[in-house]
1. Would you kindly identify the strands (runs of 3 or more DSSP E) lying entirely within region 113-215 that contain at least 1 residues that are away from ligand 3 (no atom under 16 Å from the Cβ) and modelled with pLDDT under 95?
2. Can you confirm whether residue 343 is of a type in the set (A, V, I, L, M, F, W, C), in contact with a helix residue (DSSP H, G or I) (Cβ under 8 Å, 6 or more places away or on another chain), under 26 Å from residue 396 (Cβ atoms) and in contact (Cβ under 8 Å) with a residue 40 or more places away in the chain?
3. Could you list all residues from region 80-93 that are more than 26 Å from the chain's Cα centre (by Cα) and at negative phi?
4. Mind listing just one residue for me: the one in region 224-242 that is closer than 23 Å to residue 18 by Cβ and either modelled with pLDDT under 95 or open to solvent by 30 Å² or more (accessible area, probe 1.4 Å) (or both) and, of those, farthest from ligand 1 (Cβ to nearest atom)?
5. Residue 352 - would you say it is under 29 Å from residue 196 (Cα atoms) and either loosely packed, with under 14 Cβ neighbours inside 10 Å or in contact with a helix residue (DSSP H, G or I) (Cβ under 9 Å, 6 or more places away or on another chain) (or both)?
6. Out of the residues in region 33-49 that are open to solvent by less than 10 Å² (accessible area, probe 1.4 Å) and away from ligand 3 (no atom under 16 Å from the Cβ), state the one that is nearest to residue 156 (Cα to Cα).
7. Test of understanding: among 135, 128, which residue is within 15 Å of ligand 1 (Cβ to nearest atom) and of a type outside the set (Ser, Thr, Tyr)?
8. What's the number of the only condition in (1) open to solvent by 10 Å² or more (accessible area, probe 1.4 Å); (2) more than 10 Å from ligand 1 (Cβ to nearest atom) that residue 186 fails to meet?
Amino acid sequence: MALYVYKFGGTSVGTVDKIQKVADKVKLAHDQGHKIVVVVSAMSGETNRLVDLAEQMQPRSDAREMDVLLSTGEQVTIALLSMALLERGCLARSYTGRQVPIVTDNSFTKARILSVDNTRLEADLEKGRIAVVAGFQGMTEYGCTTTLGRGGSDTTAVAIAASLKADECHIYTDVDGVYTTDPRIEPKARRLDKITFEEMLEMASLGSKVLQIRSVEFAGKYNVALRVLPSFEEGTGTLITYDEESNMEKALISGIAFNRDEAKLTITGVPDLPGIASKILTPIADKNIEVDMIIQNIASDRNTDFTFTVHRNDYEEAFAILQNTCDELGAKEVKGNDKIVKVSIVGVGMRSHAGIASTMFKALADESINIELIATSEIKISVVVYEKYLELAVRTLHAAFELDKVGT
Ligand code: ADP
Ligand code: ASP
Ligand code: MG
């Protein structure tokens, strides 16, 4: 008999009917003799609704109060699911993050888990109880409510699985596993039986929101067996694994990720002197704006053009800061575009193969998709293109690397 942590996402608990179905599924596993901790998200749309409410009160919401508000969504679902389980004759008990307790740092709205106290959960499991834990939330050591960033229930589940040394952590969701790309964009996307932690981490950090990045980091660090599965269908889903050799498909590329939240800024005619990059980027960093891709081009007149990307939400602020820097440095002008996206191909197979970049660039060129920026690492190549080309770029690359077919 095994110890499982099951996590059900927002769409899987989006209606009372679905919560009833989740309760049936959990009861079945429990009746088979397994020890079960369930982690649930808020009902689908609820967290967005709460964000909207906050924005009506205060456009740049206070992060501490935001977390007090956002954490309420998950409190509803733990209670409803526990009621459904009790109704089925199961011993069940709900826990908010602070009741576990799950202690985090104090970075409100994007807190990191510092520790999970599993005393109460273990006691429940010993007594044959099903513990139902609110995902996405914790508390600081001083008792303030925190949330873990959007999609954070995945991380709650993995952290609890790590702490309890669970046999497996199952992330149940509205797709039947991790696909070669988001099936909503490319219907020919194919479910992967397995994907390595390294690839999953890249996919998640490059925009595939099927798993929150931190949940994958956590699972990798604490060796949690992690599986993504469909909530209401049969299926073995996708196993996230360490073992590159178990990549039976030996595919060069495992998947395509994309991120719509991008914006780029360029400052032109900057004098090409030592320290210039730091002069441009330090005021941006001082405002806690994260910079992603950076490109510097030196023109023949010893002036340079400097381009970088930021999150789209930070675009206006970054533009204003850069305009100041432009005036201070006597540079020519600041240009920007917040209608860009990043499309990335990911695969550990890339390490041992040349020519992947040229296949990628040619496929995009054949569709007349202009590449604005490029970034590479050992196992990924990212390009920035205009937003209007997103779907076309993803489908073109999916076809170019034959991701709809099982690799040979
Ligand atoms: P949940 O509410 O269960 O946490 P999410 O919406 O966070 O679900 O994640 C599931 C969604 O992730 C899917 O509906 C799918 O559109 C999207 N997604 C993005 N990239 C992928 C991918 N590579 N494989 C599977 N799903 C993906
Ligand atoms: N309810 C939160 C969100 O919508 C956390 C989660 O679903 O994982 O982001
Ligand atoms: Mg999610």
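The values are calculated or read from the model by the stated rules, or taken from the named source; none is laboratory data. The structure displayed is predicted, hence computed values, not measured ones. Here Cβ is always computed from backbone atoms with ideal geometry, including for glycine, and neighbour counts include all displayed protein chains. SASA here: full protein model, heavy atoms, side chains in, ligands and nucleic acids out. Shrake-Rupley method; radii C 1.70, N 1.55, O 1.52, S 1.80 Å.
1. Fully inside region 113-215 and qualifying: 194-196.
2. On the way: of a type in the set (A, V, I, L, M, F, W, C): yes; in contact with a helix residue (DSSP H, G or I) (Cβ under 8 Å, 6 or more places away or on another chain): yes; under 26 Å from residue 396 (Cβ atoms): yes; in contact (Cβ under 8 Å) with a residue 40 or more places away in the chain: yes.
When the stated conditions are applied, residue 343 passes them.
3. Residues of region 80-93 that are more than 26 Å from the chain's Cα centre (by Cα), as a first pass: 80, 82-93.
The answer is 80, 82, 83, 84, 85, 86, 87, 88, 90, 91, 92, 93.
4. Going through the qualifying residues, I end up with 234.
5. It is true that residue 352 is under 29 Å from residue 196 (Cα atoms) and either loosely packed, with under 14 Cβ neighbours inside 10 Å or in contact with a helix residue (DSSP H, G or I) (Cβ under 9 Å, 6 or more places away or on another chain) (or both).
6. By that ranking, first place goes to 37.
7. 135
8. (2)
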